[in-house]
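All remarks here apply to the structure that follows.
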Amino acid sequence: MVVLGTWCAMISSMGLLNTLAVLQAWVSEHQLRSMPESAVGWIFSTYGFFLYFCGAQIGPLFDAYDIRLLLVPGSVGMVAAVMCMSFSTGWLQRLFGCLSL
C-alpha cells in the first residue's frame, strides 16, 4: 500500500513538473501577456524548487503516519490548486496557486 501511494504521489508531482513549460508558455501568451517572460518564468520555477525542498520534510511524515492521512488531503489539494490557478488573473495569484501545488 505504501509503495502504491508513493508511486501515485510521484507520478502526479513529476507529471505536473514535466508539463510546467507548456503551462508557462500558455499563461505568458494568454493570461499574463502584459508581463515579460522572465517575470512569468520564476513563478513556475518555484514549484520545482519546493517540490524537491519540501520532499525532505514531508518524507518523515509519510514514515510516521498512515499514508491515507497525507495522500487524501494532498490529492484534494492538488486538484483544488489546479482549479484555482485556472481562475487566477494576476501574477501574485499565479504564484500562490503554483506554491499550493
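Taking the options 71, 32, name whichever one is modelled with pLDDT of 80 or more and in contact with a Gly (Cβ under 9 Å, 6 or more places away or on another chain). Please lay out each step first, then the result.
Numbers: 71 fails: modelled with pLDDT of 80 or more.
Step by step, each of 71, 32 is checked, and only 32 is modelled with pLDDT of 80 or more and in contact with a Gly (Cβ under 9 Å, 6 or more places away or on another chain).
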Considering (1) at pLDDT below 80; (2) under 27 Å from residue 86 (Cα atoms), say which one residue 23 fails and leave the rest.
(1)
Answer yes if at least one residue in the stretch 53-70 is in a helix (DSSP H, G or I) and within 13 Å of residue 16 (Cβ to Cβ), and no otherwise.
no
Whether any residue in the stretch 56-70 is farther than 16 Å from residue 8 by Cα and touching a Lys or Arg at 6+ places or on another chain (Cβ under 7 Å) is what I want to check.
no
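Search the stretch 3-32 for residues being small (Gly, Ala, Ser) and under 26 Å from residue 62 (Cα atoms), and hand back the single one that is surrounded by the fewest Cβ atoms within 10 Å (Cβ to Cβ).
Within the stretch 3-32, the first condition is being small (Gly, Ala, Ser), and the residues that meet it are 5, 9, 12-13, 15, 21, 25, 28.
Okay, now just the ones that are also under 26 Å from residue 62 (Cα atoms), so 5, 9, 12-13, 15.
Details: 5: 18, 9: 18, 12: 15, 13: 17, 15: 9.
Among those residues, the one meeting the criterion is 15.
Does residue 89 fit the bill of being more than 18 Å from residue 16 (Cα to Cα) and touching a residue at least 40 places away in the same chain (Cβ under 8 Å)?
Values: more than 18 Å from residue 16 (Cα to Cα): yes; touching a residue at least 40 places away in the same chain (Cβ under 8 Å): yes.
The answer is yes for residue 89.
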Checking 50, 44, 96 in turn, the sole residue that is part of a helix (DSSP H, G or I), among the aromatic types (Phe, Trp, Tyr) and touching a helix residue (DSSP H, G or I) at 6+ places or on another chain (Cβ under 6 Å) turns out to be 44
Check the stretch 4-14 and report whether any residue there is more than 17 Å from the chain's Cα centre (by Cα) and not in a loop (DSSP other than H, G, I, E, B).
yes
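The values are calculated or read from the model by the stated rules, or taken from the named source; none is laboratory data. Not measured: the values here are computed from a predicted model. We place every Cβ from the backbone using ideal geometry, glycine too, and count neighbours over all the protein chains shown.
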